[in-house]
1. Does Gly97 count as part of a loop (DSSP other than H, G, I, E, B), of a type outside the set (D, E, K, R) and loosely packed, with under 15 Cβ neighbours inside 10 Å?
2. Kindly indicate which of Asn43, Asn65 is surrounded by fewer than 18 Cβ atoms within 10 Å (Cβ to Cβ), in a loop (DSSP other than H, G, I, E, B) and either in contact with a Gly (Cβ under 8 Å, 6 or more places away or on another chain) or among the hydrophobic types (A, V, I, L, M, F, W, C) (or both).
3. Please specify each residue of the range 100-121 satisfying the condition of being of a type in the set (Lys, Arg) and in a strand (DSSP E or B).
4. So which of Tyr137, Tyr105 ends up being among the aromatic types (Phe, Trp, Tyr) and out of contact with any Lys or Arg (no Cβ under 6 Å at 6 or more places or on another chain)?
5. Among what's in the range 78-94 and is acidic (Asp, Glu) and within 19 Å of Gly146 (Cβ to Cβ), pick the residue that is surrounded by the most Cβ atoms within 10 Å (Cβ to Cβ).
6. Among the residues of the range 122-154, count how many are assigned to a strand (DSSP E or B), in contact with a Gly (Cβ under 8 Å, 6 or more places away or on another chain) and within 30 Å of Val46 (Cβ to Cβ).
7. Just a yes or no: is a residue in the range 49-56 buried (at least 16 other Cβ atoms within 10 Å of the Cβ), on the phi < 0 side of the Ramachandran plot and without any contact (Cβ under 8 Å) to a residue 24 or more places away in the chain?
8. Can you tell me which residue within the range 27-40, out of those that are part of a loop (DSSP other than H, G, I, E, B), surrounded by 15 or more Cβ atoms within 10 Å (Cβ to Cβ) and at negative phi, is modelled with the highest pLDDT?
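The values are calculated or read from the model by the stated rules, or taken from the named source; none is laboratory data. Just so we're clear, the structure is a prediction, and the values are computed from it rather than from any experiment. Here the Cβ positions follow ideal geometry from the backbone for every residue, glycine too, while neighbour counts run over all protein chains shown. Accessible surface is based on the protein model in full, side chains and every heavy atom, while ligands, DNA and RNA are left aside. Shrake-Rupley method; radii C 1.70, N 1.55, O 1.52, S 1.80 Å.
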Amino acid sequence: GFSLAGIGDVDGDGTGDIAVGAYNDDDGGTDQGAIYVLFMNTNGTVKAEQKISSATGGLAGPLDNSDLFGFSLAGIGDVDGDGTGDITVGAQRDDDGGSGRGAVYVLFLNTNGTVKTEQKISDTTGGLAATLDNDDYFGSTMAGLGDVDGDGINDVAVGADLDDDGGID
C-alpha cells in the first residue's frame, strides 16, 4: 500500500479500479516488488484482484533483486487505444546502465488485470534521451498528465528524487 493509483474501469463493470504497489514483495527474488490491480465494488470493497510481479500476472520483466517495482504508480488512461486503462510502474532501484538509476514500466493491461504487453523505459531502453546517473532513482514518483504535447497520446511526469543536477540529491 505504499503507492496507489486510480486506473479507470479496467474490467468494464462501470466501477473504477485501483492499483496498489508492494515494492518489497519477494516474488521471484528479494525486494523485486509487485503491484495489485484491485477490481472494486460500488461499496468500496474488493471484488477481485490480480497480482503483477516477476512470477505472476504476465510481466515479462525481468526484475532483479532490489528493483523495488511498484514503488510508484500512475494511471495514464488508455494509451494503446484498446478501451482498457494502462498504468506506469516505477522500479526506482533498477540497475539498467548503472547502479540504482531506476526505470519505469508502461503496462498495457488486459481487462482481467494481467499484462498484455509492456514497455520498459530506463537508461538503456525505451527511447529516454535524458542522462541518468548512478543512484538517481528515476521512477521514484510519477503522475499521469493527459495529452500535454497534443499528439493524441497521454503523457507522464517521472521523478528522479536523488538526481544531482544543480546540487546534491
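1. On the way: part of a loop (DSSP other than H, G, I, E, B): yes; of a type outside the set (D, E, K, R): yes; loosely packed, with under 15 Cβ neighbours inside 10 Å: no.
Answer is no for this residue.
2. Details: Asn43 fails: either in contact with a Gly (Cβ under 8 Å, 6 or more places away or on another chain) or among the hydrophobic types (A, V, I, L, M, F, W, C) (or both).
Testing whether each residue is surrounded by fewer than 18 Cβ atoms within 10 Å (Cβ to Cβ), in a loop (DSSP other than H, G, I, E, B) and either in contact with a Gly (Cβ under 8 Å, 6 or more places away or on another chain) or among the hydrophobic types (A, V, I, L, M, F, W, C) (or both) leaves just Asn65.
3. Residues of the range 100-121 that are of a type in the set (Lys, Arg), as a first pass: 101, 116, 120.
Within the range 100-121, Lys116, Lys120 meet the criteria.
4. Values: Tyr105 fails: out of contact with any Lys or Arg (no Cβ under 6 Å at 6 or more places or on another chain).
Unique residue meeting the criteria: Tyr137.
5. Of the residues in the range 78-94, the ones acidic (Asp, Glu) are 78, 80, 82, 86, 94.
Among the residues that remain, those that are also within 19 Å of Gly146 (Cβ to Cβ) are: 78, 80, 82, 86.
On the way: Asp78: 16, Asp80: 14, Asp82: 13, Asp86: 27.
Among residues in the range 78-94 that are acidic (Asp, Glu) and within 19 Å of Gly146 (Cβ to Cβ), the one surrounded by the most Cβ atoms within 10 Å (Cβ to Cβ) is Asp86.
6. The initial filter retains those residues of the range 122-154 that are assigned to a strand (DSSP E or B), namely 122, 138-146.
From what is left, the residues that are in contact with a Gly (Cβ under 8 Å, 6 or more places away or on another chain) are 122, 138-142, 144, 146.
Next, from what is left, pick out any that are within 30 Å of Val46 (Cβ to Cβ): 139-142, 144, 146.
Of the residues in that region, 6 qualify.
7. Residues of the range 49-56 that are buried (at least 16 other Cβ atoms within 10 Å of the Cβ), as a first pass: 50-55.
When the remaining residues are screened for being on the phi < 0 side of the Ramachandran plot, the result is 50-55.
Okay, now just the ones that are also without any contact (Cβ under 8 Å) to a residue 24 or more places away in the chain, so none.
No, the range 49-56 has no match at all.
8. First pass over the range 27-40, keeping only residues part of a loop (DSSP other than H, G, I, E, B): 27-32.
Pick out the ones that are also surrounded by 15 or more Cβ atoms within 10 Å (Cβ to Cβ) and you get 27-29, 31-32.
The next check asks that each one be at negative phi; those that pass are 27, 32.
On the way: Asp27: 93, Gln32: 97.
Ranking the candidates gives Gln32 first.
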